[in-house]
Amino acid sequence: MANKWVYLFSEGNANMRELLGGKGANLAEMTGLGLPVPQGFTITTEACTQYYEDGREINDEIQGQINEYIVKMEEITGKKFGDKENPLLVSVRSGARASMPGMMDTILNLGLNETVVEAIAAKSGNARWAWDCYRRFIQMYSDVVMEVGKKYFEELIDKMKADRGVQQDVELTADDLKELAAQFKAEYKEKIGEDFPDDPKEQLMGAIKAVFRSWDNPRANVYRRDNDIPYSWGTAVNVQSMAFGNMGDDCGTGVAFTRDPATGEKHLMGEFLKNAQGEDVVAGVRTPMPIAQMEQEFPEAFEEFVKVCKTLEDHYRDMQDMEFTVENRKLYMLQTRNGKRTAQAALKIACDLVDEGMRTEEEAVAMIDPRNLDTLLHPQFDAAALKAATPVAKALGASPGAACGKIVFTAEDAETWNARGEKVVLVRLETSPEDITGMKASQGILTVRGGMTSHAAVVARGMGTCCVSGCGDIVMDEANKKFTLAGKEYHEGDFISIDGSTGNIYDGIIPTVDATIAGEFGRIMGWADKFRTLKVRTNADTPADAKKARELGAEGIGLCRTEHMFFEEDRIAAFREMICSDTVEEREEALEKILPYQQGDFEALYEALEGCPVTIRFLDPPLHEFVPTEEDDIKKLADAQGKSVEEIKGIIQGLHEFNPMMGHRGLRLAVTYPEIAKMQTKAVIRAAINVQKKHSDWTVKPEIMIPLSCDSKELKYVKDIVVATADAEIAAAGVELEYQVGTMIEIPRAALTADEIAKQADFFCFGTNDLTQMTYGFSRDDAGKFLDAYYDAKIFENDPFAKLDQVGVGKLMEMAIKLGKPVNPNLHVGICGEHGGDPSSVEFCHKIGLDYVSCSPFRVPIARLAAAQAAI
Ligand code: PEP
Ligand code: MG
């Protein structure tokens with residue numbers, strides 16, 4: 001049987017989102033619920049995949065089914081493509097499985113040509129509307145389908161407005177718009193070399209192709225990578241009969257949320273724009289009215305809309321984000337989806353839904369996107385500084401958080417300035433999808449136009465970047481990179497501070513401080529902790545980091561990189577002496593100086609962790625990173641060691657390695673210089689003994705972690721040194737102290753021989769940074785230079801250093817566990833590479849039976865939530 005590529009809205013339902021995309025599945029579901037949905041059909045995501053398989057062509061079978069469904073749609077609506085009496089006009093919109101707002105393309109008013117325009121003008125008695133639709137269609141079709149830049153058409157509109165002496169598009173007359181349509185078509189012919197297509201079916205096939213093609217546009221590719229959406233999913237295409245919001249003052253179009261997407265408060269939120277179509281609201285070109293105002297002007301449609309909102313919320317048991325149109329006072333639903341929301345709102349809504357009896361605790365935990373939590377942990381303004389400051393203006397708090405930075409006016413400048421280490425606030429009339437990378441590079445975004453649902457607001461919320469939108473008080477002069485606000489002229493590079501929660505704008509610098517989390521966050525985290533089985537530790541090298549991580553719920557330290565404890569001025573001197581020693585005696589002398597630093601640090605870490613496990617990883621520095629390069633420092637070192645500058649330079653030269661990442665680091669250092677391992681062992685054990693003495697109610701049980709092993713004999717060699725030293729320390733102190741010695745699995749050979757290695761280790765911890773580097777053979781420091789080409793060529797969808805490669809690296813991990821556990825049933829296993837804080841990697845770690853993940857302090861809550869979701 002032939003594949004079914006097309007579904008009427010009445011043939012689908014909400015469970016078919018893989019096939020119909022989110023929008024298509026929800027249009028079908030709304031149809032099933034009997035809501036007022038203009039009818040149409042959905043071309044499946046499989047058809048999109050097929051389009052790419054067929055070399056970016058829609059094959060005959062799919063085209064045939066589309067044509068069949070046009071006929072069905074004509075029967076359902078009683079309208080006909082190209083008909084003079086009752087023409088069918090449609091919208092063509094993308095709709096992937098996961099919503100990707102603003103990333104792909106939409107075409108409205110398809111089906112128009114000169115004949116049809118005249119017909120609908122006559123029938124409606126509204127020539128202005130008819131020609132407005134046509135000029136919009138030519139513009140959109142040219143831009144989206146034929147890729148003729150929008151700007152040519154915008155220039156023509158601006159010229160027309162200037163000629164007519166008017167400010168707003170709505171002030172143009174029917175004749176003006178008719179004339180514009182003619183100019184647009186001429187522009188099209190000039191750019192494309194052909195007449196603008198008149199045949200609605202030809203238009204439709206072109207539009208469908210364009211939507212399929214837009215799945216692969218650069219901004220969609222970036223969005224997918226950021227949001228973990230696989231390329232292989234493809235997008236569906238929805239062809240829907242048009243409802244017109246631009247037919248006059250008894251029409252309009254709106255976007256609304258059933259709860260506040262910024263705070264989560266339970267009240268209807270949204271905007272409505274009279275006599276307008278689709279993108280006008282989101283584009284922020286005109287400022288819409290708040291949804292509540294619709295009640296006065298469109299009472300029947302508003303009343304029905306409120307009912308629909310309730311129906312949809314009760315049905316989906318989640319906050320809905322809806323698009324609708326009012327045509328001649330009648331309501332039409334164009335879309336509903338679970339609304340994107342800020343992290344705060346997500347937590348509040350999830351808790352409220354539990355309190356309202358709509359969701360279980362498990363469901364509430366599963367509803368929160370762990371990556372979103374990041375934004376809660378972002379800076380806020382220092383409270384005292386904020387109190388002392390007076391806002392110079394207030395606009396919409398579109399995405400929470402606080403930002404302070406230098407003003408830039410273009411997305412490119414935001415990127416360049418950020419790359420050279422400057423903090424910037426991007427100030428724009430409005431943003432468009434092309435600005436995404438610049439928005440990402442900014443601390444905050446401030447726009448002159450647009451509401452809560454404008455592009456800037458929606459995208460900033462998604463990225464967790466602070467945004468204040470719709471500040472109409474700004475008099476913008478983009479060309480000269482300046483604006484005026486509250487009587488002051490601001491230039492590029494001036495400081496500005498914005499508060500994305502209140503919408504306040506401040507002149508100059510207001511310092512920011514770290515966020516503190518409480519309330520609903522604690523409730524959700526409490527539930528998450530109840531459901532998860534995977535423990536969450538932190539990677540912390542300083543007591544301050546460790547304390548922060550404890551506050552955020554870390555249950556131990558999974559990685560303390562001891563070489564990071566030597567970056568301070570006075571410490572690095574002793575460390576350099578150790579590296580540049582050329583006899584054991586010299587080295588031991590330098591190590592004696594280092595020991596007290598290490599012991600002190602370890603004591604502080606044990607204190608911060610209050611008896612929770614602390615894993616201390618023995619030195620793993622690429623040595624060349626620590627040697628002095630400045631003449632002054634070299635001289636200082638020479639003096640300290642009683643050597644000549646030349647001698648020191650000779651030693652430094654001797655340390656040079658062609659491939660330091662695969663060089664003299666990790667436990668190789670302990671093999672060549674056992675005295676280093678001895679010193680570190682003494683520091684660990686002495687610190688533990690001291691802290692244990694102070695806190696008899698804690699169990700201080702150090703975990704010594706030997707990095708980068710590749711062979712069991714190699715590990716045994718170092719372990720024997722550690723054990724002998726530790727036991728001697730414990731005996732000398734006359735105390736009892738338990739400790740463990742484990743290793744990092746970072747080299748494929750360690751994973752492959754894990755059964756042997758496990759005989760020598762109390763625990764394994766996967767160092768997936770190195771394990772990824774060595775499994776792929778990609779330098780972790782340089783891969784960034786070529787990975788972009790891999791994304792562009794669709795070889796990779798993600799950076800394997802950020803998201804664990806489950807297929808290759810993951811297989812090694814599974815193998816190591818399977819080989820290691822039978823040999824050593826008490827072996828406990830964790831991960832401490834960067835992947836330990838990435839939600840999908842955490843899920844994988846749960847699945848393969850790890851005991852814990854360890855990640856940087858601010859990612860601890862993300863890992864806790866991801867671990868709970870993996871267990872639910
Ligand atoms: C690792 O390799 O994953 C790891 C945690 O160690 P480092 O990043 O210090 O090499
Ligand atoms: Mg490593």
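Taking 22 Å as the limit for the C-alpha separation, the pairs 387/482; 701/759; 151/185 exceed it in the case of 387/482. Taking each of 406/635; 548/682; 649/713 in turn, the alpha-carbon distance tops 30 angstrom for 406/635; 649/713.
Calculation over all alpha carbon pairs of the stretch 245-341 in 10 angstrom steps from 0 returns a P(r) of 18, 53, 27, 2 percent. Contact order, relative form, for the stretch 245-341: 33 percent (alpha carbon pairs under 8 Å, 6 or more residues apart, mean separation divided by residue count). Local charge for residue 841 was computed over the other residues whose Cβ lies under 13 Å away, with Lys and Arg +1 and Asp and Glu -1, and equals -2. First check a/c for the stretch 828-872, with a ≥ b ≥ c the square roots of the eigenvalues of its C-alpha gyration tensor; if it is under 1.5, answer rounded, and if not, answer prolate when a/b is larger than b/c or oblate otherwise. Judged from the Cα gyration tensor, the stretch 828-872 comes out oblate (a/c at least 1.5, b/c at or above a/b). Taking a ≥ b ≥ c as the square roots of the eigenvalues of the Cα gyration tensor, the stretch 73-163 is oblate, since a/c reaches 1.5 or more and a/b is not larger than b/c. Other residues within the sphere of radius under 11 Å centred on the Cβ of residue 482, judged by their own Cβ, net out at -3 (K and R +1, D and E -1).
Among 215, 698, sorting on how many other beta-carbon atoms sit within 10 Å of each Cβ, with the fewest leading, yields 698, 215. Under the criterion of Cα pairs below 8 Å and six or more residues apart, the relative contact order for the stretch 620-679 equals 44 percent. Taking Cβ atoms as reference points and 9 Å as the exclusive limit, the residues near residue 36 contribute a net charge of 0, counting Lys and Arg as +1 and Asp and Glu as -1. By the count of other C-beta atoms within 10 Å, a proxy for reagent exposure, 533, 512, 583, 502 are ordered fewest to most as 583, 533, 502, 512. Packing, as the average of other Cβ atoms within 10 Å across residues, places the peptides 234-241, 74-81 in the order 234-241, 74-81, highest first.
Taking each DSSP H run with n ≥ 4 as -39500 (n - 2.57) and averaging over every residue of the chain yields -14000 deg cm²/dmol at 222 nm.
For the chain, the relative contact order is 9 percent, taking Cα pairs closer than 8 Å that sit 6 or more residues apart in sequence and dividing their mean separation by the residue count. Cα gyration tensor of the stretch 566-629, axes a ≥ b ≥ c as square roots of the eigenvalues: rounded (a/c below 1.5), prolate (a/b > b/c) or oblate? Since a/c reaches 1.5 and a/b is larger than b/c, the shape of the stretch 566-629 is classed as prolate. Within the same chain, lysines fewer than 8 places from residue 72 are excluded, and of the rest, those with a Cα less than 26 Å from its Cα are 4, 23, 80, 84, 123, 201, 209, 330.
Across the chain the C-alpha pair distances fall into 20 Å bins from zero in the proportions 13, 39, 31, 14, 3, 0 percent. Annotation: the residues 135, 587, sorted from fewest to most other C-beta atoms within 10 Å of their own C-beta, follow the order 587, 135. Within the same chain, aspartates and glutamates fewer than 8 places from residue 189 are excluded, and of the rest, those with a Cα less than 14 Å from its Cα are 143, 147, 198.
For the stretch 379-513, the share of alpha carbon pairs falling in successive 5 Å distance bins from zero is 2, 13, 24, 28, 21, 10, 2, 0 percent.
Between the alpha-carbon centres of the stretch 816-846 and the stretch 274-337 there is a gap of 49 Å.
Since every read-out is calculated from the coordinates, none of them should be taken as a lab result. No experiment lies behind these values; they were computed from the predicted model shown. In this analysis, Cβ positions are derived from the backbone assuming ideal geometry, glycine residues included, and neighbour counts consider all displayed protein chains.
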